[in-house]
Amino acid sequence: MSRTRTALLAAMALVTGATGTAFAVDPGSAGIAAVPCTVDYKIQNQWSTGFTAAVTVTNNSAAKSSWSLKWSYAGNQKVTSGWNAKLSQSGAAVTAANETYNAQLATGGSVSFGFQGSYSGSNAIPATFTLDGVTCNVDDGGPGGPTDPPDPGGPSTRVNNPYEGAKVYVNPEWSANAAAEPGGSRVSGQPTGVWLDRIAAINGAGGKMGLRAHLDEALRQKGSGELVVQFVIYNLPGRDCSALASNGELKADEIGRYKTEYIDPIKAILADSKYASLRIVTTVEIDSLPNLVTNTGSRPTAVPQCDVMKANGNYVKGVGYALNKLGDVPNVYNYVDAGHHGWIGWDDNFGPTATIMKEAATAEGATVNDVHGFITNTANYSALKENNFTINDTVGGKSVRESKWVDWNRYLDELSYAQAFRNQLVSAGFDSNIGMLIDTSRNGWGGAARPTGPGATTSVDTYVDGGRYDRRFNAGNWCNQSGAGLGERPKAAPAAGIDAYVWMKPPGESDGSSKAIPNDEGKGFDRMCDPTYTGNPRNNNNMSGALPDAPVSGHWFSAQFRQLMQNAYPPLS
């Protein structure tokens, strides 16, 4: 006997109570033309008095030049604010109407919007939705006849902070490299990110484990508890336009290949029900979107390749597509890269970067609800917390911001930046419950020998330089930095607004080669990885500070790993 979609939704609401997801019918199902429209209503986050929800409407009927979706709540839910739709409520009845920019709804087309609401008691999913007066999610007996929609498989299992109460996956390949170094067993059991930095990495290349192999191993490590497994999604067209060492395999205009050969296969594997019990964290496209703000146009730091990527829109499209597709998997948590304080912390970068991230998070079918949070300092070296001086200190009548090191930045370190940028992102339209990750894999600086107080008050520069933990020539230096150390060990919920400290960049994996090395991975030679390089406007023309004899990015760099252990803070025991 055919079951209607309304019955499925109502039954799910009874089962899930205060939290859950109403899944849309699979558009590829037989007889889908008989379902005039489908609605996917997801409760993304929920707390004692409120919740956020994401709604996606798919139109299977004639194209529309405007639309209006309606539903009624069984409880006392109230919509308090929304985005990407005009929302109104009268009693229990809610109406979501199009904005001018998303009024067109083609046959087979979808539109997404979200909102925040309040409630008390239960927060059941609405049982019935109508699009322009037509009931959605119900077979109307039209062409194709009555059908049985696929079993939705239960509600979304997303939690507010995936790291809380969970172990984190230890990559056996990285662990073996670490353990093979003298003293490496002290950290070889730490969790690190797995980098999917080219199409071949999905199935495994050069004898390395592929995505399924890592997920299978994650299931083995999981046992009966919860486990987070971390992947870096990193293969945009024209990738990392300002740094040759991390250029990728896809040309600037190959957005089609990015979608069909890279993101789609990753999504298909992550969506396999075999892995539904894992908490899968994806770090989406590091060092991409901020380049569109800082390295384009008339700025002295502008790079022609970045102007190309801004003009063709493929960074925004690629990130939006990845967020949309990966965000459809109920146990995937998307964290978007947010640069670091030494890149985005200036006034003219801070707000515009949040704006471009909102643009990407609402491109290619994505919504802000596909973003669980953001990550800072990925593969970078910025100190977690500078304790020996504050941004408000003055020396000889000069602010710390006037020092050569700070250079008018608003932030001294990653913790203050991450917490402040989180607030900026919420102001830009992201959910108020987003969490931040901070990569602490290489920002320990100095170990037991780090400064214990500020420098001499001879000048603001001696004051800052004598006390700062970060010993780089300039915070713009990013490649295999001499003197760096392992930072805080991975930890869940370490500070307000921070979901976790993570080692997303596996310590000991090179940032780039010290000289040109032929390779089949599309990775070029960047002078910022050459110890003899005297710099460029992006690092205020300082020396690169890079270690010598480094291999191609992502390859094991023994000398760097040994240095990181030697300079670790907290020190290794």
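The values are calculated or read from the model by the stated rules, or taken from the named source; none is laboratory data. Computed from a prediction, not measured in an experiment: that's the story for all the values here. All Cβ positions, even for glycine, are placed from backbone atoms using ideal geometry, and neighbour counts span all protein chains on display. Ligands, DNA and RNA are excluded from the accessible area calculation, which covers all protein heavy atoms including side chains. Shrake-Rupley method; radii C 1.70, N 1.55, O 1.52, S 1.80 Å.
Return yes or no: is D470 open to solvent by less than 20 Å² (accessible area, probe 1.4 Å), closer than 25 Å to N291 by Cβ, in a loop (DSSP other than H, G, I, E, B) and at pLDDT below 95?
no
So which residues in segment 516-573 are open to solvent by less than 70 Å² (accessible area, probe 1.4 Å), closer than 23 Å to G485 by Cβ and of a type in the set (S, T, N, Q)?
Residues satisfying the conditions are N539, N542, S544, S553, S558, Q560, Q563, N567.
What are the residues in segment 167-189 that are surrounded by fewer than 20 Cβ atoms within 10 Å (Cβ to Cβ) and either of a type in the set (A, V, I, L, M, F, W, C) or touching a Leu at 6+ places or on another chain (Cβ under 9 Å) (or both), if any?
Result: K167, V170, A176, A179, A180, G183, R186.
Which pairs do you get when a residue that is without any contact (Cβ under 8 Å) to a residue 60 or more places away in the chain and on the phi > 0 side of the Ramachandran plot, found in segment 382-398, comes within reach of a residue that is in a loop (DSSP other than H, G, I, E, B) and hydroxyl-bearing (S, T, Y), reach meaning Cβ atoms under 9 angstrom, with the pair 6+ apart or on two chains?
none
Return only the number of the condition from (1) within 18 Å of A379 (Cβ to Cβ); (2) out of contact with any Asp or Glu (no Cβ under 7 Å at 6 or more places or on another chain); (3) modelled with pLDDT of 95 or more; (4) not in a loop (DSSP other than H, G, I, E, B) that M528 does not satisfy.
The single condition M528 does not satisfy is (3).
Can you name every one of the helices (runs of 4 or more DSSP H) wholly within segment 255-352 that holds 2 or more residues which are without any contact (Cβ under 8 Å) to a residue 12 or more places away in the chain and surrounded by fewer than 21 Cβ atoms within 10 Å (Cβ to Cβ)?
Those helices (runs of 4 or more DSSP H) span 304-312.
Consider A24 against the criteria (1) open to solvent by less than 50 Å² (accessible area, probe 1.4 Å); (2) at pLDDT 50 or above; (3) part of a loop (DSSP other than H, G, I, E, B): it satisfies all of them except one. Which criterion is unmet?
(2)
(1) open to solvent by less than 20 Å² (accessible area, probe 1.4 Å); (2) modelled with pLDDT of 95 or more; (3) over 24 Å from R468 (Cβ atoms): which one isn't true of W503, the others all being true?
(3)
Report, by residue number, each residue of segment 222-254 that is assigned to a strand (DSSP E or B), crowded, with 23+ Cβ neighbours inside 10 Å and of a type in the set (A, V, I, L, M). Walk me through it before giving the result.
Narrowing segment 222-254 to residues assigned to a strand (DSSP E or B): 226-233.
So of that shortlist, the ones also crowded, with 23+ Cβ neighbours inside 10 Å come out as 228-233.
Those that are assigned to a strand (DSSP E or B), crowded, with 23+ Cβ neighbours inside 10 Å and of a type in the set (A, V, I, L, M): V228, V229, V232, I233.
Please enumerate the residues belonging to segment 353-373 that are of a type outside the set (G, A, S) and part of a helix (DSSP H, G or I).
Those that are of a type outside the set (G, A, S) and part of a helix (DSSP H, G or I): T353, T355, I356, M357, K358, E359, V368, N369, D370.
Out of the residues in segment 171-215 that are in contact (Cβ under 8 Å) with a residue 40 or more places away in the chain and among the basic types (K, R), state the one that is farthest from V232 (Cα to Cα).
Step one: filter segment 171-215 for residues in contact (Cβ under 8 Å) with a residue 40 or more places away in the chain, giving 171-172, 174, 177-178, 181-184, 186-187, 190-193, 195-199, 202, 211-212, 214-215.
Applying the additional criterion that residues be among the basic types (K, R) yields 186, 198, 212.
Numbers: R186: 24, R198: 11, R212: 15 Å.
Checked segment 171-215; the qualifying residue farthest from V232 (Cα to Cα) is R186.
Whether any residue in segment 121-141 is under 29 Å from the mean Cα position of the chain (by Cα), modelled with pLDDT of 85 or more and either within 17 Å of S61 (Cβ to Cβ) or open to solvent by 20 Å² or more (accessible area, probe 1.4 Å) (or both) is what I want to check.
Taking segment 121-141 first, the residues under 29 Å from the mean Cα position of the chain (by Cα) are 123, 125.
Keeping just the survivors that are modelled with pLDDT of 85 or more gives 123, 125.
Applying the additional criterion that residues be either within 17 Å of S61 (Cβ to Cβ) or open to solvent by 20 Å² or more (accessible area, probe 1.4 Å) (or both) yields none.
Checked segment 121-141: no residue is under 29 Å from the mean Cα position of the chain (by Cα), modelled with pLDDT of 85 or more and either within 17 Å of S61 (Cβ to Cβ) or open to solvent by 20 Å² or more (accessible area, probe 1.4 Å) (or both).
Step by step: first the residues of segment 422-462, then only those that are under 22 Å from G82 (Cα atoms) and either of a type in the set (K, R) or touching a strand residue (DSSP E or B) at 6+ places or on another chain (Cβ under 6 Å) (or both), then the one that is surrounded by the fewest Cβ atoms within 10 Å (Cβ to Cβ). Which residue is that?
G429
Report yes if G248 is at pLDDT below 95, small (G, A, S) and within 27 Å of P352 (Cα to Cα), otherwise no.
yes
Scan segment 44-63 residue by residue and report those that are open to solvent by less than 10 Å² (accessible area, probe 1.4 Å) and of a type in the set (V, I, T).
Within segment 44-63, T52, V55, V57 meet the criteria.
Out of (1) β-branched (V, I, T); (2) in a loop (DSSP other than H, G, I, E, B); (3) out of contact with any helix residue (DSSP H, G or I) (no Cβ under 8 Å at 6 or more places or on another chain); (4) closer than 26 Å to S110 by Cβ, what's the single condition that is false for T378?
(4)
So for segment 404-418 (the condition being open to solvent by 30 Å² or more (accessible area, probe 1.4 Å), under 17 Å from F473 (Cα atoms) and hydrophobic (A, V, I, L, M, F, W, C)), does at least one residue qualify?
yes
For the structure I just gave you, tell me whether L219 is more than 26 Å from N480 (Cβ to Cβ), free of Cβ contacts under 8 Å to residues at least 60 places away in the same chain, touching a Phe, Trp or Tyr at 6+ places or on another chain (Cβ under 8 Å) and open to solvent by 30 Å² or more (accessible area, probe 1.4 Å).
yes
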